[in-house]
Every structure is written in C-alpha cells, then in structure tokens.
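Just so it is clear, none of the values below were taken in a lab; they were calculated from the coordinates. Quantities reported herein were computed from a predicted structural model and do not represent experimental measurements. Here the Cβ is made from the backbone with ideal geometry for all residues, glycine too, and neighbour counts use every protein chain on show.
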Amino acid sequence: MLKMFFSDVKFNRCITSQLIKWFSNFREFYYIQMEKFARQAINDGVTGTEELTVSRDCELYRALNMHYNKANDFEVPERFLEVAQITLREFFNAIVAGKDVDPSWKKAIYKVICKLDSDIPEIFKSPNCLQELLHE
DNA sequence: AGGCCTCCTG
DNA sequence: CAGGAGGCCT
C-alpha cells in the first residue's frame with residue numbers, strides 16, 4: 001500500500017513542492033524575525049554588533065524554536081545559532097547604515113546568508129528519501 | 001516550457 | 001501554513 005503511494009509520480013511531485021513551500025515559509029519567518037529583533041535592538045539603544053548575540057536562551061531563539069521546533073523534536077545544531085547571529089548582525093548593520101531605504105536592501109543580506117546554508121543531508125537526495133525517512 | 005523561488009494574501 | 005502570481009534560470 002505505502003509502496004504504491006510513494007511510487008506515484010504525482011504524489012512525489014506534490015510532496016516536493018510542498019516541502020519547497022515549507023522551506024520557503026520557514027525562510028520568510030526567519031528573516032522577518034531577524035529584522036524585527038534587529039530593529040528592536042536598535043530601539044533598545046544597542047550601539048555595536050558585539051552586543052548582539054544569539055544563544056539558546058535569548059528571545060530571538062525562542063521565537064524561532066517555537067515556530068520550527070515547537071515540541072523540541074530535535075536538537076538545534078550549534079551551526080544554526082552561529083548563522084542566526086550572523087544574520088541578526090547583518091540586519092543590524094544594514095539598518096544602522098540606513099540601507100533599508102532601498103526597497104531591495106534585504107537581497108544583499110540574503111545573498112550573504114544563503115552561502116552559509118548547510119549542505120542538504122544525503123538522505124534527502126536519495127530517490128528513496130521518503131522510505132528512508134519513514135524508517136527512522 | 002518547466003522547475004524553483006519570492007512576494008503577497010488568506 | 002497553503003495558494004496564487006510573477007520573476008529568473010535552464
């Protein structure tokens with residue numbers, strides 16, 4: 001029964017597009033939070049990027065975790081914190097520099113951050129990805 | 001043309 | 001989160 005489903009071309013295509021959609025939505029949420037917290041920091045009088053840090057007990061982290069990992073199903077990798085912090089600082093600097101007057105000011109940040117993306121885990125590249133994931 | 005992505009909405 | 005429109009790339 002399951003095999004029948006997973007070998008269905010339409011079904012697989014549907015799944016991938018949905019996954020893409022999810023990642024897209026996640027990304028959006030991520031960047032919205034980043035901008036929000038960066039602006040908040042500025043309003044709170046933060047002057048330097050050194051004061052901006054992302055740890056497991058900061059508000060920004062909580063907001064993200066609440067959204068992506070509400071039930072704490074997995075442990076958030078350290079790398080995520082690093083990238084999150086870099087992103088936050090990137091936003092902070094851009095806003096402080098007044099770059100946000102440019103309608104597409106976020107593009108530059110996106111370009112920087114996407115290079116920090118981790119590689120896609122091998123399991124997702126497998127054609128049997130769905131089966132393998134289900135067996136975990 | 002088809003796939004993937006972003007942006008805006010609901 | 002899902003849908004839809006529009007842009008970019010192959």
**Message:** Can you compute 3J(HN,Hα) from phi for each residue in region A:29-39, using the Karplus curve 6.51 cos²θ - 1.76 cosθ + 1.60 with θ = phi - 60°, rounded to whole Hz and x for Gly and Pro?
**Reply:** 4, 4, 5, 4, 4, 4, 4, 4, 6, 5, 5
**Message:** Apply the Karplus curve 6.51 cos²θ - 1.76 cosθ + 1.60, θ = phi - 60°, to the phi angles in region A:94-100 and return the couplings in whole Hz, x for Gly and Pro.
**Reply:** 4, 5, 4, 7, x, 6, 6
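Which order, highest average first, do A:56-68, A:97-109 follow once you tally other Cβ atoms within 10 Å for each residue and take the mean per peptide?
Working: A:56-68: 14.2, A:97-109: 12.1.
Going by the mean number of other Cβ atoms within 10 Å, highest first, we get A:56-68, A:97-109.
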**Request:** Work out how much length A:D44 to A:N25 would gain on full extension: take 0.36 nm times their residue separation and subtract the Cα-Cα distance, in nm to one decimal.
**Result:** 4.0 nm
**Fill in**
Listed by chain and number, the residues whose amide H is under 5 Å from that of A:V46, excluding neighbours fewer than 5 places away on the same chain and using placed H, are none
